[in-house]
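For reference, the structure is listed below as structure tokens.
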Amino acid sequence: MAGSRGKSGDGTAEVALLQRVAAGDRNAFSELYRRLQRPLFGYLMKLVREREMVEDVLNETMMEVWRQAARFEGRSSVNTWVFSIAHHRAVSRLRKRRETALDEEQAAAIEDEAPTPDENAMTGDMSRLIGALMEQLSFEHREILHLAYFQEFSVQEIADALDLPANTVKTRMFYARQRLKVLLEKSGVEGMVA
Amino acid sequence: MTQRTTGQPQRTETALPLTEEDVLELLPWYASGKTTAAETAAIEQKLNANPRLQAELKLVRQEKQISVESVKALGEPNPDLLNKMLGQLDGVRQLPPLARDAAEAQPGFLARLFGFAPTPALRFAMVAACLLIVAESAALLKLTGGGTEESYQTASAPEAATGPELIVHFQPDAKLSAIAMLLSDLDATVVKGPMPDGAFVIALQKDADASAAMTVLRGHADLVAGVDQGS
């Protein structure tokens, strides 16, 4: 998969598979799923978090891939096209659960959940602290960090998947990292925010 | 502009005139080898002379490693999921490809969403009306502009539905992409609108159950303000 862990080159294999899926080839569907399942599962777990719901959204995403395969026009990679579907499905599910983007009040509540300096000292583990704080970021910030760091999507691939301007992708990433630093400061790690 | 690249950062003779802030924004992609050769050269030039940026890159790499490890710890999806999906495929109708002529004429998102290619005047009116009902005006304008990227082409086909019609009022803050996905789920196309009161007429597939579709639409109160039976 181009741009994701378990890469398979430049994405031409996925395009060929998708063409076969569009022709109703179940074997191609299975193969495409095998290639996509881990990156999609990791992505959705970061967004939706509940395993049962993640598997529902993964199922819905792949059903949509089956339905829409013939409509893929190659304007973006197969990878970003499928992630775009997954993104919309996840947002839709979370909206139904009334857990869309965090508002200020929720964000404030989350700040309160950040580990205290004492807790930080007890763990003595910066990596674990950063990992825990990443989980406390908003949906949008978790998503952008995951797509850039884990999936290794380029700016343009993220822009394609999330239907955002490239500059917005860069600034969103910047603010996600700034937010992480603020949470680190609140946890007693000094010198994070310039 | 960052481009799609898959290799490691490459050096080039020409470095871009990036500011420190530009470099800060690009470091996450530099760490993954996803910056262009020109960006990479400029970033490395700045990095060599700037301890603050070097510290920032170290933090980016730490965040990246944590991100990767956290996903590895999540495990894998249920192995039975593929069989479950394969069992569902017969019940999922595959959509035909978009007509090439229509695609080349760049009817854009509205044509796919609305099931017909609007005239320029009508298109303007539709866009203007949609701007009143859709909060994502920037995204809408991008989608309606010819030749732009449309990463999720969910919206319904030029192959317009010819079944029962419903009159739908969408919520003022409904996102266009969410509306498109809902209509796609229903195999419905917008055949008329916006009406003077802001409503749209959507058509279902020939054998579709209008009552069931109305129930589905009403279940999406965050997107649909009201729905009535049409002609």
Partner lysines whose C-alpha sits under 22 Å from that of residue B:206, ignoring same-chain residues fewer than 8 away, are B:192
Report the paramagnetic label zone for residue A:26: residues of segment B:65-99 whose backbone N is under 13 Å from a point 7 Å from Cα along the Cα-to-Cβ axis. B:82-92
Cβ-Cβ cut-off under 11 Å around residue B:74, Lys and Arg +1, Asp and Glu -1: the net charge is +3
Run the simple label-point estimate for residue B:173 and residue B:221 please: 7 Å along Cα→C-beta, distance reported in nm. 1.5
What residues have an amide H closer than 5 Å to that of residue B:174, excluding those fewer than 5 places away on the same chain, when H is modeled at 1.01 Å from N in the peptide plane? B:135
Can you work out ³J(HN,Hα) from phi for every residue in segment A:161-176, in order, using Karplus 6.51 cos²θ - 1.76 cosθ + 1.60 and θ = phi - 60°, giving whole Hz and x for Gly and Pro? 5, 9, 6, 10, x, 4, 5, 5, 4, 5, 6, 5, 5, 4, 6, 4
What lysines sit close enough to residue A:170 to cross-link, taking a C-alpha to C-alpha distance under 28 Å and skipping anything fewer than 8 places away on the same chain? A:7, A:46, A:181, A:186, B:34, B:46, B:58, B:64, B:72, B:142, B:175
Restricting to Cα pairs under 8 Å and 6 or more apart, the percent relative contact order of segment A:12-96 works out to 34
Cβ-based net charge around residue A:32, under 9 Å, with every Lys or Arg adding one and every Asp or Glu removing one: +1
Interchain or long-range residues, amide H under 5 Å from residue B:224's placed H: B:171
Just rank A:171, A:61, fewest to most, by other beta-carbon atoms within 10 angstrom. A:171, A:61
Quick one: 3J(HN,Hα) in Hz for segment B:82-93, Karplus 6.51/-1.76/1.60 with θ = phi - 60°, rounded, Gly and Pro as x. 4, 4, 4, 5, 4, x, 8, 4, 4, x, 10, 6
Could you check the simple spin-label distance between residue A:19 and residue A:182, using points 7 Å along Cα→Cβ, in nm with one decimal? 4.9
Residues meeting the amide H criterion for residue B:193 (H placed from the backbone, H to H distance under 5 Å, 5 or more places apart or on another chain) are B:201
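Each reported figure results from applying straightforward, stated rules to the coordinates on display, with no laboratory input. Not measured: the values here are computed from a predicted model. Cβ sites come from the backbone with ideal geometry, for glycine too, and all protein chains shown count toward neighbours.
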